[in-house]
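Comments concern the structure below.
The values are calculated or read from the model by the stated rules, or taken from the named source; none is laboratory data. Predicted, not measured: the structure shown is a model, and the values here were computed from it. Methodologically, a virtual Cβ is constructed for each residue, glycine included, from the backbone with ideal geometry; neighbour enumeration extends over all protein chains shown. Just so you know, the surface numbers come from the protein's heavy atoms only, side chains and all, with ligands and any DNA or RNA stripped out. Shrake-Rupley method; radii C 1.70, N 1.55, O 1.52, S 1.80 Å.
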Amino acid sequence: LRQFMKEEKPDILIAFAQRANYRALMASPGTKVPVMISIRTDPAGHYDAWSDKIQIPLLFPRAAGCVFQTEGQREFFAPFLQKNSRVILNPLNDKYIGVPEPEKRKKEVVQSGRLVDFKNQPMLLRAFVEVHRKHPDYVLKIYGGDSFDGTKEILEGIIAEHQAQDYIWLMGASDALEKELTDAAVYAFSSDWEGLPNALLEAMALG
């Protein structure tokens, strides 16, 4: 990265995610390239390990600035970083704005997001098995691509264990969520943590 910065001489280097922030700031001395860092997740649990407590005071003062998604993220860090920062909310794609609400909603619970451990879809499936016992006319649809971390296989195992193939469906990734989610009665959100979740913003925009 340092060699790239010296050769290409970009006007600015913008780093996304924790390790990228550290790497960019470590590579920057002597390159005269300003580095803008960004916090893209909940800092609690992600920026408070012993290694972070060493790296943050050493590296973050080198940043030309920092972009946070929320005020809560900014307040987690020391005043020197707060002063040199801006909060920029995640954008919402125009296709989710102004979508007409359906005259009648389907008896569907939906979730959107890639199949990955921290989104805790296994908890959602197990909870919905209990819901379905009381409300057998409802189904659960999860829209999201495979992250290949083993989550998809866990979900398939839960579906098979409870013989839930008729009412819990893994729909795969979709580029038309503004159409797929609109008629659903409920949007379920099960993540252990997020930064500022686009999926939840999209669901809220769809009503």
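I'd like to check something: does region 82-89 contain any residue that is in contact (Cβ under 8 Å) with a residue 12 or more places away in the chain, in a strand (DSSP E or B), in contact with a helix residue (DSSP H, G or I) (Cβ under 7 Å, 6 or more places away or on another chain) and crowded, with 17+ Cβ neighbours inside 10 Å? Full working, then the answer.
Filtering region 82-89 for residues in contact (Cβ under 8 Å) with a residue 12 or more places away in the chain gives 84-89.
With the extra rule that they be in a strand (DSSP E or B), the set shrinks to 85-87.
Keeping just the survivors that are in contact with a helix residue (DSSP H, G or I) (Cβ under 7 Å, 6 or more places away or on another chain) gives 85, 87.
Applying the additional criterion that residues be crowded, with 17+ Cβ neighbours inside 10 Å yields 85.
Within region 82-89 (the criterion being in contact (Cβ under 8 Å) with a residue 12 or more places away in the chain, in a strand (DSSP E or B), in contact with a helix residue (DSSP H, G or I) (Cβ under 7 Å, 6 or more places away or on another chain) and crowded, with 17+ Cβ neighbours inside 10 Å), the answer is yes, since at least one residue qualifies.
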**Item:** Among (1) under 30 Å from Gly72 (Cβ atoms); (2) touching a residue at least 24 places away in the same chain (Cβ under 8 Å); (3) open to solvent by 70 Å² or more (accessible area, probe 1.4 Å) - the single one Trp169 does not satisfy
**Value:** (1)
**Among the residues listed as Arg40, Arg62, the single one being open to solvent by 70 Å² or more (accessible area, probe 1.4 Å) and at pLDDT below 95** = Arg40
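Out of Ala24, Ala15, I need the residue that is open to solvent by less than 90 Å² (accessible area, probe 1.4 Å), in contact (Cβ under 8 Å) with a residue 12 or more places away in the chain and farther than 16 Å from Ser85 by Cα. Which one? Steps first, answer last, please.
Values: Ala15 fails: farther than 16 Å from Ser85 by Cα.
When all the criteria are applied, what remains is Ala24.
Assess whether Val129 counts as being open to solvent by less than 20 Å² (accessible area, probe 1.4 Å), in contact (Cβ under 8 Å) with a residue 24 or more places away in the chain and touching a Gly at 6+ places or on another chain (Cβ under 9 Å). Show your work before the answer.
Values: open to solvent by less than 20 Å² (accessible area, probe 1.4 Å): yes; in contact (Cβ under 8 Å) with a residue 24 or more places away in the chain: yes; touching a Gly at 6+ places or on another chain (Cβ under 9 Å): no.
For Val129, the condition - open to solvent by less than 20 Å² (accessible area, probe 1.4 Å), in contact (Cβ under 8 Å) with a residue 24 or more places away in the chain and touching a Gly at 6+ places or on another chain (Cβ under 9 Å) - is not met.
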